[in-house]
Amino acid sequence: MSLSFAITGKGGVGKTTVSSLIVRQLIANGLTPVLAIDADPNSCLDAALGIEAVSTVGRAREEVRQEAQAGTVTGISKQEMLQLKISESLVESAGFDLISMGRPEGAGCYCYANNILKSIIMQISGQYPYLVLDNEAGLENLSRRIMQQVDVLVIVSDASNAGLQTVVRLHGLADEMEIRYKKLVIIVNRLRSGTLPGRIEEIKEATGAELVIGLPDDLEVASFSENNRSFLGLSDDNPVVVKIDRMLKDINQ
Ligand SMILES: Nc1ncnc2c1ncn2[C@@H]1O[C@H](COP(=O)(O)OP(=O)(O)O)[C@@H](O)[C@H]1O
Ligand SMILES: [Mg+2]
């Protein structure tokens, strides 16, 4: 079996939290090895997973560019060098590995470089049966087509009307960009009332979402985040953990 997830949504809605909990529950269910991809330069999936990413794909690319310019790359092609540096930036942990995309550093985004990058990322991710891609706000990374095809597209939102409107917009954008997915899951995060907003049925219908999940605003999650503790350490009976676990089981049905 194999399963890939791309998590998207507005900034601050809980993408990284959800991504790390999907990683947690894949591991808890013995669905390993997982490759976690941090595609948001402004957030830290590594910290949420209790590890530290020391380098990024963006930095690897910039280093290779500089070394090629200085003429210090010898006996090895630029592509091989990039491949090597990117594999070095992979952090290995129990049940999962993590790769951070970082920012595109240095001079502009050359199509050629991006194509090489894409093929290296595809090659690395092809070695893992389980993938979790934590995106930056919007669909920028998906639009760079790092991963054009996923099994499950997860759109995270808050419960506000504006938030839910963004879900519809992101869904439309994903279709426009021809991002292919087998299942769409909408997560309404940080619910205080305990119930999903009234508009949710309409949103579910408009987007064709397979599943809609509400996650409570949880004190333990908030406190882990405030104390920079890994979400892998949350208790098994934490209500958010339980819901994500249920979601994985429903997806697998
Ligand atoms: N269900 C939840 N309960 C309590 N706090 C949450 C919950 N989901 C997310 N948070 C907190 O909200 C903040 C933003 O979440 P984060 O996952 O970093 O969002 P994003 O990746 O979308 O920017 C973090 O401090 C996180 O701990
Ligand atoms: Mg994030």
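The values are calculated or read from the model by the stated rules, or taken from the named source; none is laboratory data. Only a predicted model underlies this, so the values are computations on that prediction, with no experimental measurement involved. Methodologically, a virtual Cβ is constructed for each residue, glycine included, from the backbone with ideal geometry; neighbour enumeration extends over all protein chains shown.
Does at least one position in segment 33-54 carry a residue that is in contact with a Phe, Trp or Tyr (Cβ under 6 Å, 6 or more places away or on another chain), surrounded by 21 or more Cβ atoms within 10 Å (Cβ to Cβ) and of a type in the set (Gly, Ala, Ser)? Break it down stepwise before answering.
Filtering segment 33-54 down to residues in contact with a Phe, Trp or Tyr (Cβ under 6 Å, 6 or more places away or on another chain) leaves 33-36, 48.
Retained after the next criterion (residues that are surrounded by 21 or more Cβ atoms within 10 Å (Cβ to Cβ)): 34-36, 48.
Next cut, of a type in the set (Gly, Ala, Ser) only: 36, 48.
Scanning segment 33-54, I find at least one residue that is in contact with a Phe, Trp or Tyr (Cβ under 6 Å, 6 or more places away or on another chain), surrounded by 21 or more Cβ atoms within 10 Å (Cβ to Cβ) and of a type in the set (Gly, Ala, Ser), so the answer is yes.
Need at least 2 residues that are within 16 Å of ligand 2 (Cβ to nearest atom) and in contact (Cβ under 8 Å) with a residue 12 or more places away in the chain per element, so show me which helices (runs of 4 or more DSSP H) inside segment 1-113 make the cut, counting only ones lying wholly within it.
Values: elements: 15-28, 45-48, 57-70, 78-88.
Once the helices (runs of 4 or more DSSP H) in segment 1-113 are filtered for at least 2 residues that are within 16 Å of ligand 2 (Cβ to nearest atom) and in contact (Cβ under 8 Å) with a residue 12 or more places away in the chain, what remains is 15-28, 45-48.
Looking at segment 208-219, is at least one residue surrounded by 12 or more Cβ atoms within 10 Å (Cβ to Cβ) and over 25 Å from ASN252 (Cβ atoms)? Break it down stepwise before answering.
Kept after step one, since they are surrounded by 12 or more Cβ atoms within 10 Å (Cβ to Cβ), are these residues of segment 208-219: 209-218.
Then keep just the ones that are over 25 Å from ASN252 (Cβ atoms); that gives 217.
Yes, there is a match, as at least one residue in segment 208-219 is surrounded by 12 or more Cβ atoms within 10 Å (Cβ to Cβ) and over 25 Å from ASN252 (Cβ atoms).
What do you reckon, is SER235 in a loop (DSSP other than H, G, I, E, B), modelled with pLDDT under 95, within 15 Å of ligand 1 (Cβ to nearest atom) and surrounded by fewer than 14 Cβ atoms within 10 Å (Cβ to Cβ)?
no
If you go through segment 213-232 one residue at a time, do you hit one that is of a type in the set (D, E, K, R), in contact with a Leu (Cβ under 7 Å, 6 or more places away or on another chain) and within 21 Å of ALA47 (Cβ to Cβ)? Working first, answer last.
Our first condition is that a residue be of a type in the set (D, E, K, R); within segment 213-232, this holds for 217-218, 220, 226, 229.
Pick out the ones that are also in contact with a Leu (Cβ under 7 Å, 6 or more places away or on another chain) and you get 217, 220.
Then keep just the ones that are within 21 Å of ALA47 (Cβ to Cβ); that gives 217, 220.
Yes; the residues of segment 213-232 include at least one that is of a type in the set (D, E, K, R), in contact with a Leu (Cβ under 7 Å, 6 or more places away or on another chain) and within 21 Å of ALA47 (Cβ to Cβ).
Could you list, in sequence order, the residues of segment 13-43 that are touching a Ser or Thr at 6+ places or on another chain (Cβ under 9 Å) and modelled with pLDDT under 95?
ILE37, ASP38, ALA39, ASP40, PRO41, SER43
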